[in-house]
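Here is the structure we will look at, set down as structure tokens.
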Amino acid sequence: MRVLGIESSCDETGIAIYSDTEGLVSHVLHTQIAMHAEYGGVVPELASRDHIKRIVPLVRTCLDKAHLTLKDLDAIAYTAGPGLIGALLAGSMEAGALAYGLGIPAIAVHHMEGHLLAPMLEEDKPQYPFVALLISGGHTLLIKVSKPGDYEILGQSVDDAAGEAFDKTAKLLGIPYPGGPGLEVMAKKGRSGVFVFPRPMIKKPNCDFSFAGLKTAVLNAILEHKSDLDNVKCDIALGFTEALADTLCHKCRRALRECGINSLVVAGGVSANFMIRESLIKLMHSLRGKVFFARKEFCTDNGAMIAQVGMLRFLSGQLSDNCIRVFPRWPLDQLRPL
Ligand code: KG4
Ligand code: ZN
């Protein structure tokens, strides 16, 4: 059985084929970063138009890479939400048309479930149950995962998501879009301890996050060092990353303790950050537990994670109708159990 996955929720067009017996067979990705860079962020209308242009050629390339044809597919999975509505519609229409034309089912996939289970694409997979830390551009969530499809939200950000905090801080430091990876490069050259920023909400006895204040603290530091900013930019970037990493570790420790679980899965774009990975590895080492990540290219948006979840939902008989349906806002804990 083979499922083709289509990811088009934001600024990356990802296509992949997942087999129930062989796992990930083929995957391709087109990033729109260069197109949006001159505007300093994602322009939704440009994103939608580009997805429309890219999906069909990428499907062809993905099939060619696997020496397969459309007839070898058993279902078409697509990201139905959350995300930019036009971008989602582009993927959902292509998926619906392909499925209808081939006489096979379409399967609506939740983008964050895709991220959450992306570490399952690796050889070293976590066992259920585990606690998941989802850190992406739009979400920061701590989740108890008892089995696939069973997601209990333990905590979330009350304001900016972790990725959003990276992107906004990067902008303040003059780093071009996309800010997260650029800030990581800068932080690597920084001196630890020069800037110690607040660890937001770590004293609150819950698993929620807040990153807006951290961004303000960075802004204040930038204003204070207006005259010699170039000398301290890297130190500020490192101070920000350390504060964010520390806060994530603190809340993960609390969530793991509350659940009595010793296994942590970290997913979403920010989990590509080396320092954040290192901090969480250290944390789990100190707790004698284990942390699982996806490889870097599957931390950010990709088709492989959508094809994989598509296969899970396909095998449990959760097929979509022939309607073009997307959900720009779609709470993860409202998913049907598998
Ligand atoms: O998961 P993702 O690709 O898309 C969403 O579903 O939102 O996450 C994108 C976010 C962006 O905010 C981006 O700046 C951040 O992940 N990101 C990083 C890194 N790579 C991507 N943040 C910090 N360090 C990185 N290396
Ligand atoms: Zn994403």
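Data overview
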| quantity | calculated |
| --- | --- |
| Selection status of Ser92, of a type in the set (Ser, Thr, Tyr), away from ligand 1 (no atom under 16 Å from the Cβ) and closer than 23 Å to Ser8 by Cα | yes |
| Residues that are in contact with a strand residue (DSSP E or B) (Cβ under 8 Å, 6 or more places away or on another chain), open to solvent by 10 Å² or more (accessible area, probe 1.4 Å) and part of a helix (DSSP H, G or I), drawn from the stretch 226-273 | Glu258, Cys259, Gly269, Val270 |
| Residue in the stretch 202-224 that is assigned by TED's automatic domain parsing to the domain that holds Ser286, touching a Cys at 6+ places or on another chain (Cβ under 6 Å) and either at pLDDT below 95 or more than 16 Å from ligand 2 (Cβ to nearest atom) (or both) present | no |
| Index of the failed condition, Arg277 passing every other in (1) outside any helix (DSSP H, G or I); (2) under 30 Å from Tyr18 (Cα atoms); (3) among the basic types (Lys, Arg) | (1) |
| Odd one out for Phe274, checked against (1) farther than 22 Å from Gly14 by Cβ; (2) modelled with pLDDT of 95 or more; (3) more than 12 Å from ligand 1 (Cβ to nearest atom) | (3) |
| Strands (runs of 3 or more DSSP E) lying entirely in the stretch 1-117 (those with 3 or more residues that are surrounded by fewer than 23 Cβ atoms within 10 Å (Cβ to Cβ)) | 23-31 |
| Matching residues, the stretch 182-222, being touching a Gly at 6+ places or on another chain (Cβ under 8 Å), part of a loop (DSSP other than H, G, I, E, B) and under 19 Å from Gly137 (Cβ atoms) | Pro200, Asp208 |
| Test result for Asp64, closer than 25 Å to Met112 by Cβ, more than 22 Å from the chain's Cα centre (by Cα) and at pLDDT 95 or above | no |
| Whichever residue in the stretch 292-310 is surrounded by fewer than 24 Cβ atoms within 10 Å (Cβ to Cβ) and not in a loop (DSSP other than H, G, I, E, B) and, among such residues, is farthest from ligand 2 (Cβ to nearest atom) | Phe292 |
| In the stretch 108-167, residue farthest from Gly23 (Cα to Cα) [restricted to those that are hydrophobic (A, V, I, L, M, F, W, C) and touching an Asp or Glu at 6+ places or on another chain (Cβ under 6 Å)] | Val158 |
| Within the stretch 274-291, tally of residues that are in contact (Cβ under 8 Å) with a residue 12 or more places away in the chain, open to solvent by 70 Å² or more (accessible area, probe 1.4 Å) and farther than 24 Å from Ala237 by Cα | 2 |
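The values are calculated or read from the model by the stated rules, or taken from the named source; none is laboratory data. This structure is a prediction, so every number in the text was calculated from the model and none was measured. All Cβ positions, even for glycine, are placed from backbone atoms using ideal geometry, and neighbour counts span all protein chains on display. With ligands, DNA and RNA removed, areas are computed over all heavy atoms of the protein, side chains included. Shrake-Rupley method; radii C 1.70, N 1.55, O 1.52, S 1.80 Å.
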